[in-house]
Amino acid sequence: MTRLFYGAAFIMFVTVFSVFLYFSIKAFSINPDTVTQAYSYPRHHIVLIPEEINNDYWRLVEKGARDAARDFGIALEYTGPKQADQEEHLKSINMAAAAKVDGILTQGLSEEQFTPLINKVVQKGIPVMTVDTDAAKSDRISYIGTDNYYAGILAGKALLADTEGEIKVGIITGKFDTNHQKLRVQGFKDAIREQNRVEIIAIEASQITRIQAAEKTYKILQEHPEINAFYGTSALDALGISEVLEYMGKSQETYVIGFDILPETLELLEAGKIEATVIQQPYEMGYKSIEAMVQVLEGKAVDSINHTETRVIRQGDLPLNRNEMIEAEVQ
Ligand code: BGC
């Protein structure tokens, strides 16, 4: 009887132990597929610092960069000023460098302020690339973005092609002291230089905000009611300009050329409230800048200047093609 009891107890023990062993092995066994996922870590840590993080234009650059970060296995940090502010921007670059990130993507907004800092960071061994706006005199490894002087030339040529007779121009520029905005204005001036019929009457800065673009347009029109054309050089300027023209009943008689293809810009173009806009490729700038940074971090050479496409579109060019739609889509 006792032997029978011990026998049964033994069989029970063996069964329970085997079941326990089976499930333990299963639970702790290593499946190579899950390991790469669970333990995979980014190849590099890259920081993208824009002029203004919540600006719709910069959200498109971010989207391109995020897609590239996913494709290349990169940890991407998107950080910077809440409202355009060069001091804040420089502080963000300093912080990224102090955190010893692997690479920094930033605008090179001005030679005076950005070049010394970019050079210092590069000397520390952290590669820096400029995106959208170049600090061409700095030691940045590469620039990825629009040829801003050429874009200004295109805007000036478009105005010449689209208008006749005496044209008095008001310019709303994003900022007076940033490289790309200066180049966009300079290109425009050079394109219209030979033509006596076109004259720039006033220029004001919007601080890249729509509200200030509207305020400055109003101010310009109060002071110079003869103005019959506007050129807006940053993404939200044409929106502010057109709002005021509409309000003052001057939309029909005033020619407007802006920058970029934010969804509202396209609506205004479609509705004939602005005549033309200079297209940039913010999504592609974001994507290509990550791609180029990965190449540099992995010892490969990259071109020092990588211009993305820019051209002027008018109402007749709508609807946009597939690539352009990606560049116009705000998430
Ligand atoms: C420029 C950006 C700028 C943005 C402001 C764009 O046209 O390329 O540098 O931050 O406008 O809305």
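Among the residues of the stretch 137-151, is any in a helix (DSSP H, G or I), within 16 Å of the ligand (Cβ to nearest atom) and farther than 30 Å from Val312 by Cβ? Let's see the steps before the verdict.
Start the filter on the stretch 137-151 by keeping residues that are in a helix (DSSP H, G or I), which leaves 148-151.
From the residues that got through so far, the ones that are within 16 Å of the ligand (Cβ to nearest atom) too are 148-151.
With the extra rule that they be farther than 30 Å from Val312 by Cβ, the set shrinks to none.
Within the stretch 137-151, none of the residues are in a helix (DSSP H, G or I), within 16 Å of the ligand (Cβ to nearest atom) and farther than 30 Å from Val312 by Cβ.
Could you grab me the full set of residues in the stretch 170-218 that are within 11 Å of the ligand (Cβ to nearest atom), out of contact with any Leu (no Cβ under 7 Å at 6 or more places or on another chain) and open to solvent by 50 Å² or more (accessible area, probe 1.4 Å)?
Selection gives Leu183, Gln207.
Take the stretch 57-90 and flag every residue that is open to solvent by 70 Å² or more (accessible area, probe 1.4 Å) and either small (Gly, Ala, Ser) or closer than 19 Å to Gln207 by Cα (or both).
Arg59, Lys82, Gln83, Glu87, Glu88
Take the residues in the stretch 40-56 that are open to solvent by 50 Å² or more (accessible area, probe 1.4 Å) and away from the ligand (no atom under 16 Å from the Cβ); name whichever of them is farthest from Glu291 (Cα to Cα).
In this case the residue turns out to be Ser40.
What are the residues in the stretch 156-169 that are farther than 22 Å from Tyr218 by Cβ and either in contact with a helix residue (DSSP H, G or I) (Cβ under 8 Å, 6 or more places away or on another chain) or surrounded by fewer than 20 Cβ atoms within 10 Å (Cβ to Cβ) (or both), if any?
If the condition is that a residue be farther than 22 Å from Tyr218 by Cβ and either in contact with a helix residue (DSSP H, G or I) (Cβ under 8 Å, 6 or more places away or on another chain) or surrounded by fewer than 20 Cβ atoms within 10 Å (Cβ to Cβ) (or both), then Gly156, Lys157, Leu160, Ala161, Asp162, Thr163, Glu164, Gly165, Glu166 are the ones that fit.
Are any residues in the stretch 100-129 free of Cβ contacts under 8 Å to residues at least 40 places away in the same chain, within 25 Å of Pro42 (Cα to Cα) and either touching a helix residue (DSSP H, G or I) at 6+ places or on another chain (Cβ under 9 Å) or hydrophobic (A, V, I, L, M, F, W, C) (or both), and if so, which ones?
We begin by selecting, within the stretch 100-129, every residue free of Cβ contacts under 8 Å to residues at least 40 places away in the same chain; these are 100, 112-126, 128.
After this cut, where a residue has to be within 25 Å of Pro42 (Cα to Cα) as well, the list is 100, 118, 121-126, 128.
Within the stretch 100-129, Ile118, Val121, Val122, Lys124, Ile126, Val128 qualify.
Given the structure, is Leu268 at pLDDT 95 or above and farther than 27 Å from Leu109 by Cβ?
Yes, satisfied.
Answer yes or no: is there a residue in the stretch 180-187 that is assigned to a strand (DSSP E or B) and modelled with pLDDT of 95 or more.
Within the stretch 180-187, not a single residue is assigned to a strand (DSSP E or B) and modelled with pLDDT of 95 or more.
Yes/no matrix, rows are residues, columns are (1) within 12 Å of the ligand (Cβ to nearest atom); (2) at pLDDT below 95; (3) not small (Gly, Ala, Ser):
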{"position": "Glu77", "(1), (2), (3)": "no, no, yes"}
{"position": "Ala84", "(1), (2), (3)": "yes, no, no"}
{"position": "Val122", "(1), (2), (3)": "no, no, yes"}
{"position": "Met129", "(1), (2), (3)": "no, no, yes"}
{"position": "Thr133", "(1), (2), (3)": "yes, no, yes"}
{"position": "Ile153", "(1), (2), (3)": "no, no, yes"}
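Got a number for residues in the stretch 244-295 being open to solvent by less than 10 Å² (accessible area, probe 1.4 Å) and part of a loop (DSSP other than H, G, I, E, B)?
6
Quick one: would you say Tyr231 is within 16 Å of the ligand (Cβ to nearest atom) and either open to solvent by less than 10 Å² (accessible area, probe 1.4 Å) or modelled with pLDDT of 95 or more (or both)?
When the stated conditions are applied, Tyr231 passes them.
Could you run through the stretch 91-130 and say how many residues are touching a Leu at 6+ places or on another chain (Cβ under 8 Å), farther than 30 Å from Gln212 by Cβ and surrounded by fewer than 17 Cβ atoms within 10 Å (Cβ to Cβ)?
Residues flagged as touching a Leu at 6+ places or on another chain (Cβ under 8 Å), farther than 30 Å from Gln212 by Cβ and surrounded by fewer than 17 Cβ atoms within 10 Å (Cβ to Cβ) within the stretch 91-130 amount to 0.
Please specify each residue of the stretch 296-307 satisfying the condition of being of a type outside the set (Val, Ile, Thr) and part of a strand (DSSP E or B).
Our first condition is that a residue be of a type outside the set (Val, Ile, Thr); within the stretch 296-307, this holds for 297-301, 303-304, 306-307.
Scanning the stretch 296-307 gives Asn306, His307.
Just one of the numbered conditions (1) touching a residue at least 24 places away in the same chain (Cβ under 8 Å); (2) in contact with a helix residue (DSSP H, G or I) (Cβ under 9 Å, 6 or more places away or on another chain); (3) under 30 Å from Val128 (Cα atoms); (4) open to solvent by 10 Å² or more (accessible area, probe 1.4 Å) is not true of Lys300; which one?
With (1) touching a residue at least 24 places away in the same chain (Cβ under 8 Å); (2) in contact with a helix residue (DSSP H, G or I) (Cβ under 9 Å, 6 or more places away or on another chain); (3) under 30 Å from Val128 (Cα atoms); (4) open to solvent by 10 Å² or more (accessible area, probe 1.4 Å) applied to Lys300, the lone miss is (1).
The values are calculated or read from the model by the stated rules, or taken from the named source; none is laboratory data. Nothing here was measured: the structure is a model prediction, and the numbers come from that model. Because the Cβ atoms are built from the backbone with ideal geometry, glycine has one as well, and the counts that use them run over all protein chains shown. With ligands, DNA and RNA removed, areas are computed over all heavy atoms of the protein, side chains included. Shrake-Rupley method; radii C 1.70, N 1.55, O 1.52, S 1.80 Å.
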